[in-house]
1. Count charges around Leu100 for me, please; just the other residues with Cβ under 11 Å from its Cβ, Lys/Arg as +1, Asp/Glu as -1.
2. So how do Glu228, Glu448, Glu276 line up by other beta-carbon neighbours within 10 Å, fewest first?
3. Taking the Cα of Glu530, stepping 7 Å toward and past its beta carbon, and measuring to each backbone N in region 353-371: which are under 20 Å?
4. Determine the sum of side-chain charges near Gly395: Lys and Arg each +1, Asp and Glu each -1, restricted to other residues whose C-beta is under 13 angstrom from that of Gly395.
5. Determine the dipole magnitude for region 377-513: charges of +1 sit on the beta-carbon of Lys and Arg, -1 on that of Asp and Glu, nothing else is charged, the reference point is the Cα centre, and the result goes in debye to the nearest 20.
6. Please report Arg392, Arg557 as a ranked list, fewest other C-beta atoms within 10 angstrom at the top and most at the bottom.
7. Computed FRET efficiency, Cβ-Cβ of Trp612 and Ala43, R0 56 Å: what is it to the nearest 0.05?
8. How big is the equivalent ellipsoid of region 377-513 along its three axes, where each semi-axis is √(5λ) from the Cα gyration tensor, reported in whole Å from largest to smallest?
Amino acid sequence: MLHVLLPLPLSLAAASPPPPHIVVVGGGWAGYTAAEALSADPACKVTLLEASPRAAGGLAGGWRTPGGRPVEAGIHGFWREYKNTFKVIDDIGLDADEVLGPFTPSALVSKNGPVAVAPVLATAEASTTAATTPDALLELLRRASMPGADPLKQIADLLPAPLDTALLAEFSERSPLSLLDRASGVGLLACWADFRQEDADSWARYDDVSAETLFKDYGGVTDPLYDELVAPLLHVLPMGPGYDISAAAALSCFHVFALQSRGAFDVRWCRGGITEKIFRPWQERLEARGNVVLRGGARVSGIAPAGAVDGAAAVDGAAATATGCGGLLVQVLGDETPLACDAIVLAVGATSAARLCESSPLLASLPATQRFGELRGVTCVAVRVYLQPAPRTTGLLGGSHASTLLPPAVAAAMRASPVTVCGPEIGGMAELSEAGFCVYDLQRMHDEHAAGDLAVLEVDFYRAERIADVDDDHAVARLALEAAAAALGVPAATLDPSLIVDVAVVRARRAVSHFALGSAALSPGLRLGEGVYACGDWVDRTGHASWSTEKAVVTGRQAAAAVGRSLGLRAVDAQVIPAAEDTPQLAVLRKISAALRAAAPTGTALPPPAPWAALLKAVSSQR
Ligand SMILES: Cc1cc2nc3c(=O)[nH]c(=O)nc-3n(C[C@H](O)[C@H](O)[C@H](O)COP(=O)(O)OP(=O)(O)OC[C@H]3O[C@@H](n4cnc5c(N)ncnc54)[C@H](O)[C@@H]3O)c2cc1C
């Protein structure tokens, strides 16, 4: 549990000027990273305030039910390019292989049934043989011509990501995707090469175009390819339908999660709850430093300038009598006295930041926050269902453990991977018309469940307002089993609700950043105003090419660096590992694209559509 805030030693306050005090608001990846980076400098004090009394970790956090069963606000994966996040895990002193399972493929399901199993690409062999230099290219051509060579694998090594994924993925026999459908994705290359993650103009150009328009009207992606591959990925990565996700977000997200390097789509999953496995030891490490206080159950209700201590101007109605350092006051709900500090780092998520602005005139007055009220959040519902055990099925692939107590038909449907990624409109269920979801066999992923005597199925729904509105947890669990059965193509009776032993449902309303059209224009930089900074996955979209957990970690470090600079702190540990460089193939495409853009008339928006896009659109509208 988080500790109660202790007052700073009086001697410090009396003798010399107090050390700079920084308040970090929010105890997720972003807040913990900022606190870690700042408190590396012993010359400052850091207080982290987290609203939840239950657990550290923010949206990635978890806790135990009164019956002792672990619960989380959704299962969280760690993609191959999460280099800064992996460094955090190392720095805590944890062995990544003990905390995380192996890189695991995911099975993809659309409304039409199974689509493909994405391969784990960046095996040691693949990464050494990828054609990144002319010599490597020649070597690959030589090998490809050798007797017994796997031609697909050899050709894939020649291609830039993600074309290699498209070739190596095991497409289901039931998938309606033809080779032509798969090939139509090539039409996206022009926009992909034109969009620059770290260029504000690029974001502005693609921010007001929908992902659906990008893929269909510009990319010339066929309807089957859109329905089978693009829609499911949009519904589980940026978590929304193509019409409600910006083209900029889609390009950035697909680039980071799938396209930027060979094997970028490979995912590791935590071997248990992230709070217990990562945040608890992290908390202990921070507390051992002596200059960090972590406080749970501390909801910040207002932020004000220190001048507000004089007389009537109080923070959120509380009489403010703080003394000591700082030009800012932070009011915690229920506390009599606000905390004085020199800088504040908001690490609270977009919709929470907007709420905080409403109760803090200081925040509301900053130019950077003027449009925070327009920021939107996606609602997620995480459903964990404990089921009576069936006879054990063994020899399953992917994940940390190879066996399960799920019904044999379910085990067989999930044989290739314990993770099934599902698009919208599955099973014709009304609640799923816009919701994507993932089905996880937790016995194959979590050590604790592997050793348990119950089957454990987790179904996490994204863009799930309709499901969140169902109050009865058992009704939600029934719906989850029905959705899982439909996605896995097993009879509903295979996952009959009578098998349910226990249920845990977590509703995260408007909690995940929604990268809707125009959202990049709303996203602030790291510095909101004098002494006030922000970090999180919704901040500084044009910065480091990363998403979700990795973006939270990166911006946490960057915000800490900015605070450190302004307060003259010299030992803040805020180094950021840069995002992957463009592959040689992408670098060539980018050069061509830059030359075309330079030659195009000023004000040209997007590159011209793929030549076949208009034809496909005409055919599609006639259907
Ligand atoms: C179901 C689901 C699945 C996901 N899957 C993945 C995945 O597989 N991989 C991945 O990388 N990411 C995933 N994400 C996204 C990931 O969880 C977020 O990107 C990440 O948690 C953002 O971290 P953060 O620290 O910026 O914000 P958060 O995790 O949102 O933390 C913000 C914290 O601020 C606290 N707070 C808010 N207001 C106040 C206040 N006034 N006072 C004090 N504290 C306050 C909140 O309680 C919260 O703990 C998923 C999210 C969900 C919901």
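All of the numbers you see were taken from the coordinates with simple rules; none came from a lab. What you see is a predicted model; the values in this text were computed from it and never measured. Cβ coordinates were reconstructed from backbone atoms using ideal geometry, including for glycine residues, and neighbour counts include every protein chain displayed.
1. Values: positive: Arg268, Arg271, Lys277; negative: Asp95, Asp97, Glu98.
Summing Lys/Arg as +1 and Asp/Glu as -1 gives 0.
2. On the way: Glu228 27, Glu448 15, Glu276 20.
The most exposed by this proxy come first: Glu448, Glu276, Glu228.
3. 357, 360-370
4. Details: positive: Arg392, Arg415, Arg444; negative: none.
Surrounding charge for Gly395 is +3.
5. Details: 10 positive and 17 negative charges, 63 e Å.
It comes to approximately 300 debye.
6. Details: Arg392 13, Arg557 27.
By the 10 Å Cβ count, ascending, the order reads Arg392, Arg557.
7. On the way: r = 62 Å, r/R0 = 1.10.
The formula returns an efficiency of 0.35 here.
8. Values: eigenvalues 112, 43, 42 Å².
One finds semi-axes of 24, 15, 14 Å for region 377-513.
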